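The values are calculated or read from the model by the stated rules, or taken from the named source; none is laboratory data. These numbers come from a predicted model, not from an experiment. Ideal geometry is used to build each Cβ from the backbone, glycine not excepted, and the neighbour counts take in all protein chains shown.
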Amino acid sequence: MVGVARAAAPGAPAHAHHRHAPDALTPVLTLDEILQKAREAGARGQIEMMVALDGGPVNLRDDHPRAYDEVWLQLDGRTGAVRTKVTWSDFPAIPRMIALGIDLHEGHFFGRINQVFNTLFAAALVWLSVTGFMGWYRRRPQGGLSPPPRRELRPPRAVIATGGVLCVLLPLLGLSVLAIAAIDRIAGRFLPRQA
């Protein structure tokens, strides 16, 4: 069983002190002492912590908008000694790339410009969806719902290579591409296609 607490940034009023908690949830170190040890180990800003009973290990994470600023710590609940410390450099390359992508997606970089860019990008996706449907509707066989006449389009090798790399790095994207390709192949067998 653990107790969960959230510590405020320096200068913010403290609303809890562990000696005031019930005895069953009181580790050897107080929350203030654990917080001091965490800051000495490199944690900054607001801190989330999970405090184990009876002086067991304490898990902490400082909360930042950007993933590369976060520090994960495990402290000894009795002495405050650092058992484990994990920073941005300890993560493999692919998780770091995904975390950066999430931060960009959430608009945590470049201030307002990042948010404007994300909004324009989302609007472009909506525009592609609408115009894609309009293009199919205009090119479809008269009075039918079958696919338009096939056009032999060969995308550049660079586009194919980039798409392949993205599908490998982003497995959910790769599965989506495979699913769409399978649906297209199956549907093509049952729907008439004009030459």
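Take the conditions surrounded by 15 or more Cβ atoms within 10 Å (Cβ to Cβ) and farther than 14 Å from Leu31 by Cβ and apply them to Asp76. Does it pass?
Yes.
State all residues of the stretch 152-183 that are over 25 Å from Met97 (Cα atoms) and in a helix (DSSP H, G or I); if no residue qualifies, say none.
Ile180, Ala181, Ala182, Ile183 - these are the residues of the stretch 152-183 that are over 25 Å from Met97 (Cα atoms) and in a helix (DSSP H, G or I).
Looking at the stretch 54-93, which of the residues that are over 18 Å from the mean Cα position of the chain (by Cα) and in a helix (DSSP H, G or I) is modelled with the highest pLDDT?
Of everything passing the filter in the stretch 54-93, Asp54 is modelled with the highest pLDDT.
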